[in-house]
1. Heavy atoms only, 1.4 Å probe, whole protein assembly: order Lys106, Lys85, Lys74, Lys63 by accessible area, highest first.
2. Near Met81, within a Cβ-to-Cβ distance under 14 Å, what is the net charge of the other residues, with Lys and Arg +1 and Asp and Glu -1?
3. Label 7 Å along Cα→Cβ of Ile26; the range 50-94 residues with amide nitrogen under 12 Å?
4. Work through the residues other than Ala23 whose Cβ is under 10 Å from its Cβ and net out their charges, Lys, Arg +1 and Asp, Glu -1.
5. Using only Cα atoms, figure out Rg for the chain and give it as a multiple of 2.2 N^0.38 Å.
6. Could you name the aspartates and glutamates in cross-link range of Lys63, using Cα to Cα under 19 Å and dropping any fewer than eight places away on the same chain?
7. Please report, in debye to the nearest 20, how large the charge dipole of the chain is about its Cα centre when each Lys and Arg carries +1 at its beta carbon and each Asp and Glu carries -1 there.
8. Thr108: accessible area at probe 1.4 Å, nearest 10 Å²?
Amino acid sequence: VQLQASGGGLVQAGESTRLSCVASRIVFGTVNMYWYRQAPGKQRELVATITNGGGTDYADSVKGRFTISRDNAKNTVSLQMNSLKPEDTAVYYCNTWLRGVAYWGKGTLVTVSS
């Protein structure tokens, strides 16, 4: 399983950005997908979940601002991030589990300046 994330970069507070993660070597439509983030000096935290059936869940800190979606035809999961805040600054990782093994993308840095 390989996960390749893209997007992010430097954005101003209040602006939007979109992350994408392409999965390969996996039957993408059968697995749940997750976005995590890790801010400097903090533990990695779960930000958003999308199930193989399309159900979604979000951390309280991003509810109403972030939207996770998936395109099974393109093996892609995306995270639309709106109304960004400086506290959203972190390295964002896409993740999935297969047969009890966790797979992680390389991570993409999102920096939100005030």
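The values are calculated or read from the model by the stated rules, or taken from the named source; none is laboratory data. Given the structure is predicted, the values throughout are model-derived calculations rather than measurements. Cβ sites come from the backbone with ideal geometry, for glycine too, and all protein chains shown count toward neighbours. Note: accessible area is taken over every heavy atom of the protein model, side chains too, but ligands, DNA and RNA are not part of it. Shrake-Rupley method; radii C 1.70, N 1.55, O 1.52, S 1.80 Å.
1. Lys106, Lys74, Lys63, Lys85
2. Overall, the nearby charge balance is +2.
3. In the range 50-94, the label zone of Ile26 (backbone N under 12 Å from the point 7 Å along Cα→Cβ) covers 50-52, 75-78, 94.
4. Surrounding charge for Ala23 is +3.
5. Computed over Cα atoms of the chain, the ratio equals 1.00.
6. Of all the aspartates and glutamates, those that pass the test against Lys63 - Cα under 19 Å, at least 8 places apart if same chain - are Glu15, Glu45, Glu87, Asp88.
7. Roughly 280 debye, rounded to the nearest 20.
8. Estimated to the nearest 10 Å², Thr108 gives 20 Å².
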